[in-house]
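Only the coordinates and a few stated rules stand behind these numbers; no lab work does. Computed from a predicted structure; not experimentally measured. All Cβ positions, even for glycine, are placed from backbone atoms using ideal geometry, and neighbour counts span all protein chains on display.
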Amino acid sequence: MVMTKTVLVTGANRGIGLSFCRHYQARGWNVYGVCRNTSDALDALQINVVSGIDVSDPESITQLKQQLEGIPLDILINNAGILRNERLGSLNFSDMQQQFEVNTLGPLRVTEALMGNLSEGSKVALITSRMGSITDNTSGGYYGYRMSKAALNSAGVSLARDLAPKGIAVAILHPGLVGTEMIGGVGDLTPDEAAQRLIARIDELSLQNSGSFRHSNGDSLPW
């Protein structure tokens, strides 16, 4: 008897997160879509929607942990994120702090809270950005987003090291320039195309390549 696999996706109500849910549902997986506010598109999938969850709020994470108690997860995809644009001379430190709370601490909070749902063979994916690459930064700006994603990348490497003895692998993935609502809909890829490529990278994930920083097209990215 083949057991149905289970995936949890944060930021599931739109964009890449919604596409993740759609693709895994098509594979026959048991899908949990986590979000602050659900959407008509997410509800239409008729998956397990867990709404009212803000990854930057510790009480929300406690609520998520309670709702998922006893449910084994094969894949945890930390996809929720926000983007703001700060420029030197008019830096908004409140916006920068919010990006750290959502983009960096959020995935770490979720992963730690759901440790009991993960076991040997489980996988954790962090959807980050090449804008978190220090080497690749040739244009400056976007202080909060760049720093929050660089910090997420660092956290991802630590998670890969700490979870390896448990047999859990960690992917640190850049989706590409995706035409999502977050960036105004302009991009080289649709959310569905990005999700397909990211899922291929998660499929390839193992303890041998755990903790590597990769583009959704398979390329290795510089830190």
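Our summary gives the chain a relative contact order of 18 percent, counting only alpha carbon pairs under 8 angstrom and 6 or more residues apart.
Summing +1 for each Lys or Arg and -1 for each Asp or Glu, what net charge is found among the other residues whose Cβ lies under 14 Å from the Cβ of Phe20? Neighbour charge sum, excluding Phe20 itself: +3. The C-alpha atoms of the chain define a longest principal axis, and helix 15-26 lies at about 20 degrees to it. The residues Leu114, Leu76, when put in order of fewest to most other Cβ atoms within 10 Å, stand as Leu114, Leu76.
So what's the angle, to the nearest 10 degrees on a 0 to 90 scale, between helix 143-163 and the longest Cα principal axis of the chain? The angle comes out near 40 degrees. The radius of gyration of the Cα set in the stretch 1-132, together with its Dmax, comes out at 15.3, 62 angstrom. Candidate cross-link partners of Lys65 among the lysines, defined by an alpha-carbon separation under 23 Å and a same-chain spacing of 8 or more, comprise Lys5, Lys123, Lys166.
Counted by neighbouring Cβ atoms within 10 Å, the residues Cys21, Cys35 run from fewest to most as Cys35, Cys21.
Our estimate of slack between Glu204 and Leu177, defined as 0.36 nm per intervening residue step minus the Cα-Cα distance, is 7.6 nm.
Approximating the spin labels as points 7 Å out from Cα along Cα→Cβ, the Trp223-to-Asn85 distance works out to 3.0 nm. For the pair the stretch 16-77 / the stretch 193-223, the C-alpha centres are spaced 21 Å from each other.
Take every pair of alpha-carbon atoms less than 8 Å apart whose residues are at least six positions apart; their mean separation over the length of the stretch 55-166 yields a relative contact order of 35 percent. Projected label points at Met3 and Glu112, each 7 Å from Cα along the beta carbon direction, are separated by 2.8 nanometres. Helix 58-67 axis versus longest C-alpha principal axis of the chain: approximately 20°, rounded to the nearest ten. Listed by chain and number, the aspartates and glutamates whose C-alpha is less than 15 Å from the C-alpha of Lys149, apart from same-chain residues fewer than 8 away, are Glu86, Asp95, Glu101, Asp136. Between Ser139 and Arg36, the modelled label-to-label distance comes to 2.5 nm, taking each label 7 Å out from Cα in the direction of the beta carbon.
At an R0 of 22 angstrom, the distance between the Cβ atoms of Asp43 and Asp192 translates into a FRET efficiency of 0.75. Among Phe20, Phe93, the order by Cβ neighbours within 10 angstrom, fewest to most, reads Phe93, Phe20. Within the shell defined by Cβ-Cβ distances under 14 Å, the residues around Ala151 carry a net charge of +2, with Lys and Arg each +1 and Asp and Glu each -1. With N as its number of residues, the chain has a Cα radius of gyration that, divided by 2.2 N^0.38 Å, comes to 0.95.
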